[in-house]
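These notes are about the structure you will find just below.
The values are calculated or read from the model by the stated rules, or taken from the named source; none is laboratory data. Quick caveat, the model's predicted, so the values are computed rather than measured. Here the Cβ positions follow ideal geometry from the backbone for every residue, glycine too, while neighbour counts run over all protein chains shown. Accessible surface is based on the protein model in full, side chains and every heavy atom, while ligands, DNA and RNA are left aside. Shrake-Rupley method; radii C 1.70, N 1.55, O 1.52, S 1.80 Å.
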Amino acid sequence: MICLSALALLAQDTTGVGRLVGVVTDAAGVPVTGAGVCVVDTERCVETDEAGRFAITDLRSGSYVLEFSRDETALRSESVDVRAGVDTRFEVTLPLPTLFAESVTVSAPVFVAPEDVKNSNILILGEEIWKSAGTLQDVSRYVTTLPGVAGGSADFRNDIIVRGGSPLENLFIVDNIEVPNINNFANFASAGGTASIVDPILIEDVTFLTGGYPAPFINRASSVLQIAQREGKRDGFGSRLTLGFPGVGTVLEGGIDDAKGSWLVSARRSFVDVFTDDTGIGGVPAFYSFTGKVVYDLTPKDRIWAVSITGIDDIRLGITEDIDPEEGLSTLDINYTGWRNATGLNWQRLFGSTGVGLLGVSHSQASLDQRVRDIARSGLPLDTTPVDELIVASPFVFIEDSSEGETTIKYDFSMYAGAAGKIQAGSSFKTFRLNYNTQSPLGYDGPFTTVPDINPIDLRENFTAYQSSAYLQTTRDLTDRLNLTIGGRIDNYQYIGETRFSPRAGLSYRVTDKLSLRGSYGSYYQQPFFLFLAAFPENRDLVPLRADHYVGGISYVPNRTLRFTIEGYRKDYKDYPTAIQFPQISFANVGDTFDVRDILYPMSSAGRGDAQGIEFFVEKKFTDKWFGQANLAFQRTRHAGIDGVPRRGAFDYPVIFNLIGGRRLSSKWEVAGRFAYLDGRPFTPFDQEISTQQRRGIFDLDRVNTERAPDFYRLDLRFDRTFTVNDKPLIVFFGFQNITNRNNFNGIEWSRRLNRQTFADGNGLFPLFGLDWTF
């Protein structure tokens, strides 16, 4: 038996397959030519080349046994896991032929340069998300611990801010399904929420691309977050119970047709509303999420899988008898109900030993019912008036009963064509069905305008729109050390009558086996959200915003579990939506808000901007004892509105530092921790005189983002204790978020009751507990 020590490496692929690659040498370190490498119980066999290298391509997710042969003698390895979009790489050392039957040494570096993605890529294991401290078992919150990534404006939101970009610039993909928003309590003009609808216990791995990503991915201006969920057990029934911040949940799974397939279902529900009907905000959030996944192998060459993810949420916010008068919600009554689902069917077909195609059909649907009453619209009410009477007598200032649907059919194909390298091609066609009933009958009196009641909205419109795209890309070795990826994609946006071509290119140069240089370039276009386009007639003239990425870096891998990287980047923005009525405002500075009214204006594609920075990253992957990563980023973001004056971006964090890790103390105890530091976020101060006169907060637009909040820092700890119940593991965890109880800055507000500025703080010391029981 061969003992393998192999770990997964990022090598992103949109066709849902992975590779086994490596080098075979003899005991003296000389490459072995002509050694056989086969995947047992398949027809997949290759021979090593003159440099001892081998690659077995287009393997589906699963466990495989390898057989190495030379001089009519063969030995088999232990089981090896292959994951979609991941390279598993080996360095194999064969002993002398006379000893061949006794042992073979197989080792592997963890981080080897991927083929297609040259820069800004990180592979996250599901276990890292579930066991990390301070991220609340939320994939979105976990990625804010990575290089150059920050969270949104408030602790209760999980927005992702990548290299100074708006949260609206991120793409989410789950099991080959594009999901507009993977979070609960989301609206049509946001990409964040409070908690992910993706069950963290189902996540196998996550690929996070933060810049310069290749042509197969549909355009987004900042990042791609691709989640691969595991399939169910094929060899019997399984069940699991979990409890944590996302709620209480259960997972059931089992095999189909003598292990030809599997099924899996997950259901979760928040539980805070079981204990209280008010968390200090006038109500308590309640949310549910459901996931189902079925995988079946029709033939050795054909696999199908279906996935469905659903989130349901409900909350009431606002005035109560006991609410703090300084609380901004004390003059509002907000009722929100949301529902979202993404469902897809995929058919994967292997063509010989070098090609694979993936056909995907998916549909996502989201609906929102939101109603907002302004208790102080006609002046502050008397304190003696019962709250129920105040609410009934107050006017609606915002009503939304809308839905958005998106149906996608896509096909991706990749093949290895000898000296021509890897070729990837694909196309997609999207149909959008939009049904808007969005009303702001009394107009807008938010913080950007000194004139109240402007821009009343009465949007009642149903329409259909289309988007089509195609891409072509090739990756090949120019020399033994130099690898090139080049390609492009074309996207047609039917609703606004625009077509864009996006070139992509990347180079990697292997200086030594441990050190490599990398660079990439790409243009990325993104259509403004349909709600923006439909809200005002002027907005139909908007064009896709553009971001040009320039990324360069160094990767050093001293051993199989350790990686160091340094990357510099620049993003140049143009054609960003801006507010016509407020020349200083670019919509590059919004996206992390629940208040849609604050971002619905007549717009023009006149915005310009840039983001640039340098990131230092060190990562220690899981071993028997400990894991961890640290990163330090220096960056700068500037954006201009119609007036063309560059100003600090709202997501301009000059310094970001993260340290996260864990250690196994014994067979029963583990500890994990996280420390985060960010320079204070910019904000726009209120015009005190006008705000006081009008008894509402009004920003001083001559000082956009000129102020900076105090620095943010937070320390989190978590402890895990493993028990055994009926021969099954039961993991109980507990810990604390923000153990220093620091009052981090969340933002400024204007109390209409007190008629003065107030400051919103983040969460203080926050206890955490939960469990994970396989039974």
Taking Cα atoms only, Rg over Rh for segment 373-497 with Rh from the Kirkwood formula is 1.33
What is the sum of charges around Ala306, taking Lys and Arg as +1, Asp and Glu as -1, for the other residues whose C-beta is under 12 Å from the C-beta of Ala306?
0
Given labels modelled 7 Å from the Cα in the Cβ direction, how far is it in nm from Glu43 to Ile566?
5.0 nm
Förster radius 56 Å - calculated FRET efficiency between Leu380 and Ile614 (Cβ-Cβ, nearest 0.05):
0.65
Of the peptides 335-345, 227-237, how do they stack up when ordered by the mean number of other Cβ atoms within 10 Å, highest first?
335-345, 227-237
Under a Cβ-Cβ cut-off of 10 Å, what is the net charge of the residues other than Phe396 that fall near it, where Lys and Arg count +1 and Asp and Glu count -1?
+1
Let me know the volume per residue of the alpha-carbon convex hull for segment 133-210, in Å³.
96 Å³
Once you have the alpha carbon radius of gyration of segment 618-700, what is it after dividing by 2.2 N^0.38 Å, with N set to its residue count?
1.82
Amide H of Thr561 versus every other amide H placed in the peptide plane: which residues, excluding those fewer than 5 positions away on the same chain, fall under 5 Å?
Val110
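Which of the GluC sites (Glu not before Pro) found in segment 266-341 are loop residues per DSSP with 11 or fewer other Cβ atoms within 10 Å of their Cβ? Write down the numbers at each step before the final one.
On the way: sites: Glu321, Glu326, Glu327; in loops: Glu321, Glu326, Glu327.
For GluC sites (Glu not before Pro) across segment 266-341 that sit outside H, G, I, E and B with at most 11 neighbouring Cβ atoms in 10 Å, the list reads Glu321.
How big is the dipole moment of segment 414-550 about its Cα centre under a simple scheme where the beta carbon of each Lys and Arg is +1, that of each Asp and Glu is -1, and everything else is neutral? Debye, nearest 20, please. Spell out each step's value before the answer.
Working: 14 positive and 12 negative charges, 176 e Å.
Taking the Cα centre of segment 414-550 as origin, the dipole is about 840 debye.
Would you mind classifying segment 250-327 by shape? Square roots of the alpha carbon gyration tensor eigenvalues, ordered a ≥ b ≥ c; an a/c under 1.5 is rounded, otherwise it is prolate if a/b is larger than b/c and oblate if not. Provide the component values of the computation, followed by the final result.
Values: a/c = 8.03, a/b = 3.87, b/c = 2.08.
Prolate is the answer for segment 250-327, as a/c is 1.5 or above and a/b outweighs b/c.
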Along its principal axes, what span do the Cα atoms of segment 642-775 show, with the longest given first and each in whole Å?
68, 35, 27
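Note the full-extension length gain between Leu754 and Phe237 as 0.36 nm times their separation in residues minus their Cα-Cα distance, in nm to one decimal.
180.1 nm
Within the accessible area of the chain, what % is carbon and sulfur when the probe is 1.4 Å and the other protein chains stay in place?
Working: 17140 of 29990 Å².
The computed percentage sits at 57.
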Loop-resident sites, segment 268-322, for trypsin sites (Lys or Arg not before Pro), counting at most 16 other Cβ within 10 Å (DSSP)
Lys301
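Let me make sure I get this right: for segment 246-402, a, b and c are the square roots of the gyration tensor eigenvalues over alpha carbons, sorted descending. Under 1.5 in a/c it's rounded, otherwise prolate if a/b > b/c, else oblate. Which is it? Working shown, then result.
Working: a/c = 5.26, a/b = 2.79, b/c = 1.89.
Note, shape of segment 246-402 comes out prolate.
With a Förster radius of 60 Å, plug the Cβ-Cβ distance of Asp477 and Arg540 into 1/(1 + (r/R0)^6) and report the FRET value to the nearest 0.05.
Once the sixth-power term is evaluated, E becomes 0.80.
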Within segment 652-709, which trypsin sites (Lys or Arg not before Pro) sit in a loop by DSSP and count at most 13 neighbouring Cβ atoms inside 10 Å?
Lys668
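Leu717: net charge of surrounding residues, Cβ under 15 Å, Lys/Arg +1, Asp/Glu -1, itself excluded? Before the final figure, lay out the partial values.
Working: positive: Lys131, Arg663, Arg674, Arg714, Arg718, Arg721, Arg742; negative: Glu670, Asp716, Asp720.
Net local charge, Leu717 excluded: +4.
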Within the chain, percent of DSSP bridges classed antiparallel, to nearest 5
95 percent
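Computed from the mean reciprocal separation of all distinct C-alpha pairs, what Kirkwood hydrodynamic radius does segment 567-726 have, in Å? Show your work: numbers first, answer last.
Values: mean 1/r = 0.0529 Å⁻¹.
Evaluated on segment 567-726, it is 18.9 Å.
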Among Pro381, Gly662, Gly255, pick out the residue whose Cα is farthest towards the positive end of the charge dipole of the chain, where Lys and Arg carry +1 and Asp and Glu carry -1 on C-beta, about the Cα centre.
Gly662
Long-range Cα-Cα pairs in segment 484-596 (distance over 21 Å), rounded percent
55 percent
Run the helix sum for the chain: -39,500 (n - 2.57) per DSSP H stretch of 4+ residues, divided by residue count, reported at 222 nm to the nearest 500 deg cm²/dmol.
-1000 deg cm²/dmol
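Can you bin segment 202-316 into rounded, prolate or oblate? Criterion: square roots of the alpha carbon gyration tensor eigenvalues sorted a ≥ b ≥ c, rounded for a/c under 1.5, prolate for a/b above b/c, oblate for the rest. Before the final figure, lay out the partial values.
Values: a/c = 3.03, a/b = 1.31, b/c = 2.32.
Oblate, since a/c reaches 1.5 and b/c is not below a/b.
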Residue span Thr692 to Glu389: 0.36 nm per residue of separation minus Cα-Cα distance leaves a gain in nm of 106.3 nm
Which one of Pro325, Val356, Val295 is farthest out on the positive end of the charge dipole of segment 294-373, using unit charges on Cβ (Lys, Arg +1; Asp, Glu -1) and the Cα centre as origin?
Val356
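Roughly how compact is segment 324-405, stated as its Cα Rg over 2.2 N^0.38 Å to two decimals?
Working: Rg = 24.0 Å, N = 82, 2.2 N^0.38 = 11.7 Å.
Its radius of gyration relative to the 2.2 N^0.38 Å reference: 2.05.
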Length-normalised contact order for the chain - Cα pairs under 8 Å, 6+ apart - percent
10 percent
By what distance, in whole Å, do the Cα atoms of the chain stretch along each of the three principal axes, largest value first?
95, 59, 46
Out of Phe237, Val198, Leu517, whose Cα points farthest toward the positive end of the dipole of the chain (charges: +1 Lys, Arg; -1 Asp, Glu; placed on Cβ)?
Leu517
